[in-house]
Amino acid sequence: MIYVFYFFAALLVWLSFKSFRGGIAYLRFFREELAKPRSTFTPFITVIAPCRGIDEGLDQNLAALLKQDFPEHEVIFVVDDENDPAVPVIMSVSTGNGSDRLFNVATKLIVAPKAQGCAQKIANLREAVLHADDRSQAFVFVDSDARPSPDWLRALVAPLADENIGAATGYRWFISKAPTLASEMRSVWNASIASALGPNSSSNFTWGGSTAIRRDVFERIEMREKWAGTLSDDFAVTRILNEAKLPIVFVPQALTASVENCTWAELFEFTTRQMKITRVCMTKLWVMSMIGSAVFSAVMIAAFLISIFGKDVIAVSVSIGTLVLVSAFSIGKSWLRLYAVKLALTDYETELKLQFWPHITLWLLTPSLFLYNSLAAAFSQRLKWRGITYELKSPTETVIISN
């Protein structure tokens with residue numbers, strides 16, 4: 001049995017080392033991309049922002065879409081109910097004082113039909129694209145809980161100057177104005193996914209909260225039609241672009257802050273929902289996550305117990321070495337990742353400084369959370385999202401249980 005431990009301990013050390021090297025590459029990629037000159041590719045763009053309910057700081061999030069350093073774009077806000085509590089916020093932002101706007105931005109408020117056999121967000125997106133200005137050359141999709149920087153739109157659209165690009169994407173980074181353990185745990189959990197994006201466009205994925213795609217590409221791959229029946233907009237876009245062999249470019253400048261706190265219940269609901277969607281839409285990734293988190297948790301617990309209670313000198317030495325090396329590589333990776341994000345999210349320097357200790361300590365607990373999420377996804381494909389309960393049958397078949 002001890003040799004089984006030795007094998008998996010060596011494997012975990014090797015994987016941790018590879019992850020640390022990935023952190024070095026991640027930071028280098030951020031530095032190279034952020035050093036590039038500002039893009040001059042600024043065609044007319046349609047930004048689509050689906051809304052449902054009131055997100056924390058919703059007014060600031062939506063206002064940020066109207067304060068972009070981008071000369072020609074429109075913003076389409078879309079809801080599924082004219083009485084949605086987000087509507088007054090949308091109207092206030094749209095008609096409010098525009099003195100702090102760099103350009104005059106046209107806005108529209110669209111009421112989408114109630115979803116039938118797909119996520120309500122999907123129904124909103126499918127309706128919104130039908131209302132885009134005829135001049136629009138690209139669609140940009142953004143979540144209502146994202147708060148983009150003024151340069152976000154210009155940076156996100158820049159790769160689309162190349163007609164061979166499938167899509168450009170950013171990603172979220174959770175920030176808490178009043179940090180709690182649950183909020184910081186969610187930030188660290190999410191950060192491990194954020195650092196999976198990088199220079200390799202063939203392995204990147206789109207995140208629906210910050211994605212740009214050329215209109216001609218969107219229409220050529222029939223994305224609106226292929227969204228039908230789906231729950232996850234970004235998983236569907238990623239799958240269709242991969243099938244079309246169109247690359248996905250990750251844009252560090254398009255990293256967006258999600259400024260909100262969460263409770264423990266919201267933490268488990270959010271993380272488990274993500275893993276349930278992953279299980280259905282990208283099963284191999286779900287399996288890898290479950291195996292990886294199980295190996296990490298088992299080896300680290302075994303190494304700790306052997307270090308304390310072990311009698312064999314070699315076993316104790318290997319255990320201590322495993323704990324030290326895995327910890328060193330993991331702390332290093334977490335620091336490199338956070339440092340890279342600081343370069344991109346310069347408006348949140350103070351908040352990101354406060355994340356230093358959570359990110360270099362909570363990495364030890366997030367694999368256990370991933371394992372819980374993966375196991376929960378193995379036993380149920382039902383989830384609740386924005387007040388609606390869904391049952392995921394397949395990547396293209398969604399059943400609405402209750403609204």
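The values are calculated or read from the model by the stated rules, or taken from the named source; none is laboratory data. Predicted, not measured: the structure shown is a model, and the values here were computed from it. When we count neighbours, we look across all protein chains shown, and the Cβ atoms used for this are built from the backbone with ideal geometry, even at glycine. Note: areas computed on protein heavy atoms with side chains; ligands, DNA, RNA excluded. Shrake-Rupley method; radii C 1.70, N 1.55, O 1.52, S 1.80 Å.
What number of residues within segment 123-143 are closer than 16 Å to Ala236 by Cβ and either in contact (Cβ under 8 Å) with a residue 60 or more places away in the chain or of a type in the set (S, T, N, Q) (or both)?
Selection size over segment 123-143: 8.
Listed residues Glu56, Glu32; which is among the acidic types (Asp, Glu), in a helix (DSSP H, G or I) and open to solvent by 50 Å² or more (accessible area, probe 1.4 Å)?
On the way: Glu56 fails: in a helix (DSSP H, G or I).
The unique qualifying residue is Glu32.
Among the candidates Ala49, Ala10, single out the residue that is in a helix (DSSP H, G or I), at pLDDT 95 or above and out of contact with any Gly (no Cβ under 9 Å at 6 or more places or on another chain). Please lay out each step first, then the result.
Numbers: Ala49 fails: in a helix (DSSP H, G or I).
One residue alone meets the criteria, Ala10.
I'd like the full set of residues that are open to solvent by less than 10 Å² (accessible area, probe 1.4 Å) and in a helix (DSSP H, G or I), limited to segment 142-178.
Hits for segment 142-178 are Trp152, Leu153, Leu156, Val157, Leu160.
For segment 214-250, how many residues are more than 24 Å from Gln116 (Cβ to Cβ), of a type outside the set (S, T, N, Q) and open to solvent by 10 Å² or more (accessible area, probe 1.4 Å)?
Looking only at that region, the number is 10.
Out of all the residues in segment 322-342, which are open to solvent by 30 Å² or more (accessible area, probe 1.4 Å) and over 24 Å from the mean Cα position of the chain (by Cα)?
Leu323, Val324, Leu325, Ser327, Ala328 - these are the residues of segment 322-342 that are open to solvent by 30 Å² or more (accessible area, probe 1.4 Å) and over 24 Å from the mean Cα position of the chain (by Cα).
Run Thr361 past the list (1) farther than 17 Å from Phe270 by Cα; (2) modelled with pLDDT under 95; (3) hydroxyl-bearing (Ser, Thr, Tyr) and report the number of the one that doesn't hold.
Here Thr361 meets the rest and fails (2).
Please go through (1) at pLDDT below 95; (2) surrounded by fewer than 13 Cβ atoms within 10 Å (Cβ to Cβ); (3) not in a loop (DSSP other than H, G, I, E, B) for Ser94 and return the number of the only condition it doesn't satisfy.
(2)
For segment 343-358, does any single residue satisfy the condition of being small (Gly, Ala, Ser), open to solvent by less than 60 Å² (accessible area, probe 1.4 Å), closer than 30 Å to Ala35 by Cα and modelled with pLDDT of 95 or more? So that I can check it myself, show each step before the final result.
Start the filter on segment 343-358 by keeping residues that are small (Gly, Ala, Ser), which leaves 344.
Checking the rest, the ones that are also open to solvent by less than 60 Å² (accessible area, probe 1.4 Å) come to 344.
Now drop any that are not closer than 30 Å to Ala35 by Cα, which leaves 344.
Of the ones still in play, those that are also modelled with pLDDT of 95 or more are 344.
Scanning segment 343-358, I find at least one residue that is small (Gly, Ala, Ser), open to solvent by less than 60 Å² (accessible area, probe 1.4 Å), closer than 30 Å to Ala35 by Cα and modelled with pLDDT of 95 or more, so the answer is yes.
Look through segment 59-80, keep the residues that are open to solvent by 50 Å² or more (accessible area, probe 1.4 Å) and charged (D, E, K, R), and return whichever of them is modelled with the lowest pLDDT.
By that ranking, first place goes to Glu72.
Which condition from (1) farther than 30 Å from Leu323 by Cβ; (2) buried (at least 20 other Cβ atoms within 10 Å of the Cβ); (3) more than 23 Å from the chain's Cα centre (by Cα) is the one that Pro50 breaks?
(3)
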